[in-house]
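See below for the structure under consideration.
Taken together, the values in this text are just the output of simple stated rules run on the coordinates, not laboratory data. Because the structure is a prediction, the values reported are computed rather than measured. Glycine also receives a Cβ, built like all others from the backbone with ideal geometry; neighbour counts cover every protein chain displayed.
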Amino acid sequence: MNIAFYAPLKPPDHPNPSGDRRMARLLMDAMERAGHTVEQASGLRSYDREGDAVRQRRMRDLGGRMAKRLIRRYQKRPARSRPQVWFTYHLYHKAPDWLGPAVSAALGIPYVIAEASFAPKQENGPWAEGHDAALRAIALADLVFCLNSNDRSCVQPMLKDPSRLIALAPFIDTEHFAYVDGADCRRRISEVHGIEPNVPWLLTVAMMRPGAKSASYSILGEALAKLMERPWRLLACGYGTASKEVAAALAPLGDRVTWFKELTMEELARLYAASDIYAWPAVDEAYGMAFLEAQAAGLPVVAGRAGGVPDIVSDGLSGILVPVNDAALFAAAVDELIGDAAKRRAMGKAARRLAFDKHDIKTAVRVLNDALCRLTAS
């Protein structure tokens, strides 16, 4: 089938990498692997970070005009070339969908959402316009794929039929991590960057942005500063506008930090495979693509118990989850794994099985394809 794909928070062709852009691309890839034709419908980014009512109204009006143009464009196509499904990824009050409901209604096609979030407390807040748009869109949806179990309780009651909510585990292409030789990667990285190979390597991979990311780096720095008597090395991979703030947050760790900037997926896979523990406090994290990558590479995870993180990190099996914003407990969890190599290895093996069995793109292909085919056949 022909699928019109739209991501109002961050389009898949946006120049700045992020977990949202990554998941948007993976969703398109998964549906294409199922044999469907997926076309990006628009690059309109409706995201409003600040709660600016004027911007929200402007985006509403712009979205209305763009929806009319899309409708005219699609209606000029031969019937076999028109979209048969509209698919919106990551819709919520800060990034509502001003296009999909109108286009779907005009073309008479199903309207599908992946990762819809709804916050009733925003009804009269600074994102009221976006809140109302998100409410209407979710209520109109013919199908909603739920990637974060935290969203279920608010989204499901808004649907015409509760069965329209389909669980879809966050996923990656585990093939990138299937055949990487961790020992060889560690030797090469040790030689190139002058890192002592015989101490535990802690890894974190995250953009350096203001807000939640900077807060997570601050907690990481505070936690690891409590473990300076332990032998370890932190490999910090990321870049962004808050790089100075991140450097200051990790400054107490001195020369224990080795910095990596933008890496390709192949380079990242080698970095994961060479490491021993993945550590990230996960402030305000939806679920965290890097947790999936780390586990696919066989790393145990230490993380904050935020959002949908427990959906992908099994506490006590593939990692250790602690309360968000608790640097002391985060330090204790990292310390536990630093001091217990056998536990690290056991958790790493479980993490790899979890990633390959439940969070691989092949599983997502089946879930997406089955649900979409049932929807269009009904």
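Key figures
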quantity	calculated
Sites ASP284 and LYS76 - FRET efficiency at Förster radius 41 Å, r taken between beta-carbons, to 0.05	0.40
Where only alpha carbons of the range 61-102 are counted, the Rg and the Dmax (Å)	11.7, 35
Tensor-based shape of the range 174-358 (alpha-carbon gyration tensor, a/c under 1.5 rounded, otherwise prolate or oblate)	rounded
Degrees, to the nearest 10: 212-224 long Cα axis against longest axis of the chain	20
Using alpha-carbon coordinates, inclination of helix 128-140 to the longest axis of the chain, degrees	70
Gap separating the Cα centres of the range 1-28 and the range 279-327, nearest whole Å	23
Sites ALA251 and SER190 - FRET efficiency at Förster radius 22 Å, r taken between beta-carbons, to 0.05	0.40
Tally of Lys pairs whose C-alpha atoms are under 26 Å apart, taken over the range 174-358, 8 or more apart or cross-chain	9
More than 28 angstrom apart: percent of Cα pairs within the chain	47
Mean residue ellipticity (222 nm) of the chain, computed from DSSP H runs ≥ 4 via -39,500 (n - 2.57), nearest 500	-13500 deg cm²/dmol
Long-range Cα-Cα pairs in the range 104-183 (distance over 19 Å), rounded percent	48
Percent antiparallel among DSSP beta bridges (both partners in the range 32-166, rounded to 5)	10
Difference of contour (0.36 nm per residue) and Cα-Cα distance, ALA178 to SER163	1.9 nm
Bridge type composition, the range 190-288 - antiparallel percent by DSSP, nearest 5	0
Segment TRP259-ARG65, length gained on full extension (0.36 nm per residue, minus Cα span)	65.3 nm
Sequence-distant residues sharing a close amide H with VAL322 (under 5 Å, placed H)	ALA303, GLY304, ARG305
Taking the convex hull of Cα positions in the range 1-131, its mean projected area over all directions (nm²)	8.0
In the range 1-61, the GluC sites (Glu not before Pro) that fall in loop regions by DSSP, at most 11 other Cβ within 10 Å	GLU50
Shape call, the range 34-73: gyration tensor on alpha carbons, a/c limit 1.5	oblate
